[in-house]
Amino acid sequence: MNNLMKTAAGTFMALGMTLAGTATAQNALPTGRSASAIENGVYPASYFPNTEILGEDEMRITALGTGMPNQTKAAVSISFYVELGNGDVFLFDVGTGATGNLFSLRPDFAKVDKVFFSHLHVDHVGDFMGLHVGGWLSGRYTPLRIFGPSGSEDELGTKAYVEGMSKAYAWDLATRTGALPDEGAKLDVTEFDYMQENEIVYQENDVTIRSWPAIHSLDGSVSYSLEWNGLKYVFGGDTYPNKWYVEYAKGADIASHEAFLPPDALAPYFGWDMKQATYVATRVHTEPAAFGKVMSAVEPRMALGYHSVLSPENYQAILEGVRSTYDGPLTLARDLQVINVTKDQIVVREASVDDYALPPAVSDEYINAPRSKEKEPSDKVKAGKWDGYTPPPMPDQ
Ligand SMILES: [Zn+2]
Ligand SMILES: [Zn+2]
């Protein structure tokens, strides 16, 4: 795959010779971090987080998770992180394991305040509470905004999911409220009709996000497009090939869509028989040859497949399937793959991250944001404190 990607990236890089952009106040990094603008459209071979200033006309998409519900270390569950040159950032899904990769990028968590759910399978929302609390601990001092579809019944929709998660984590949230900025505790849910067709679910700061229905498991799965500054990213979520995607993903610079394991690779992966593997791969999901057909109809600047584990044998099966029906630009995404998009070029690289990267520094706004009183255990519990230990005196500040 590396050869293929390098070829694709090299081709696009050769076409683009314009400046990717210059630093603006909006995308400047917080104190303590420094970065350089990309010059003449020539990028370093690897992406090192927080070393590149995103151009003001540029979009950067990072695959945080590309795998399955039963994860591997190299492929956690689904999540994509989109950064724009105007300073906005967006998360599409936050599947189990994805927040580890998000933290490894050391983002400014004050900005990581919007997540869009494609559907409520655990491999797409399983790290939701990790995102909420982890981001709140790491710089977000405003509510986390969640956008997601309704279900066929109220209890199957995004609002019910978020309310249920808040109840389940009542103890956790109660312990932190007061110690952390009060506003960061809040969850702001926008639930929209899962059947709406290419309607707007978000429009702020020249960014427009639309949704349309996906066909997957039960009613209540959707796909999204994000349009900004003449660039268009499409996030498919999980879906059987559908007419809405083929229509509304048209014009995409990056069209992402699941390219699931084909039946003969899925059967041994889960230990299933061919009947079950064929049903799941070709009736619930989109197998590689079907992904290729969809992309041949959409004709994006680059097709991006995900939702598999790209072991060597799986990679071969998926690539052959896709290439039987599609011969355009292609990335089969791995975790922590980074795609820079401008009007002139699309560059695909791997991020190089530190396994022990510390959490990012927080801002003065975070430090000074209002907090209510810190919580303590009751007197009857505190009465059990062991007198063999005396903590050091509290500093003045
Ligand atoms: Zn799913
Ligand atoms: Zn899935």
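The values are calculated or read from the model by the stated rules, or taken from the named source; none is laboratory data. Everything numeric in this text was worked out from a predicted model, so none of it was measured. So basically every Cβ, Gly included, is an ideal-geometry build from the backbone, and we count neighbours across all protein chains shown.
General remarks:
- Selection within the stretch 62-77 - polar (S, T, N, Q) and away from ligand 1 (no atom under 16 Å from the Cβ): 62, 72
- Count of the stretch 256-281 residues which are more than 15 Å from ligand 2 (Cβ to nearest atom) and not in a loop (DSSP other than H, G, I, E, B): 11
- Residue that is surrounded by the most Cβ atoms within 10 Å (Cβ to Cβ), among those in the stretch 96-132 that are part of a helix (DSSP H, G or I) and either within 16 Å of ligand 2 (Cβ to nearest atom) or of a type in the set (Val, Ile, Thr) (or both): 98
- Filter result for residue 77 (under 13 Å from the mean Cα position of the chain (by Cα) and over 23 Å from residue 253 (Cβ atoms)): yes
- Subset of the stretch 70-95 that is of a type in the set (S, T, N, Q) and surrounded by 24 or more Cβ atoms within 10 Å (Cβ to Cβ) - its residue that is farthest from ligand 2 (Cβ to nearest atom): 79
- Residues located in the stretch 50-61, provided they are in a strand (DSSP E or B) and either surrounded by 23 or more Cβ atoms within 10 Å (Cβ to Cβ) or within 15 Å of ligand 1 (Cβ to nearest atom) (or both): 59, 61
- Looking only at the stretch 235-255, and only at residues there that are without any contact (Cβ under 8 Å) to a residue 60 or more places away in the chain, outside any loop (DSSP other than H, G, I, E, B) and away from ligand 1 (no atom under 16 Å from the Cβ), the one that is surrounded by the most Cβ atoms within 10 Å (Cβ to Cβ): 255
- Which listed residue is within 24 Å of residue 82 (Cα to Cα), within 16 Å of ligand 1 (Cβ to nearest atom), of a type in the set (D, E, K, R) and modelled with pLDDT of 95 or more, from 258, 299: 258
- Number of residues in the stretch 309-356 that are assigned to a loop (DSSP other than H, G, I, E, B) and out of contact with any Gly (no Cβ under 7 Å at 6 or more places or on another chain): the value is 12.
- Considering 303, 383, 277, the condition of being surrounded by 21 or more Cβ atoms within 10 Å (Cβ to Cβ), more than 22 Å from residue 232 (Cα to Cα) and small (Gly, Ala, Ser) is satisfied by 277 alone.
- Some residue of the stretch 144-159 being under 19 Å from the mean Cα position of the chain (by Cα), at pLDDT 95 or above, surrounded by fewer than 21 Cβ atoms within 10 Å (Cβ to Cβ) and more than 16 Å from ligand 2 (Cβ to nearest atom): yes
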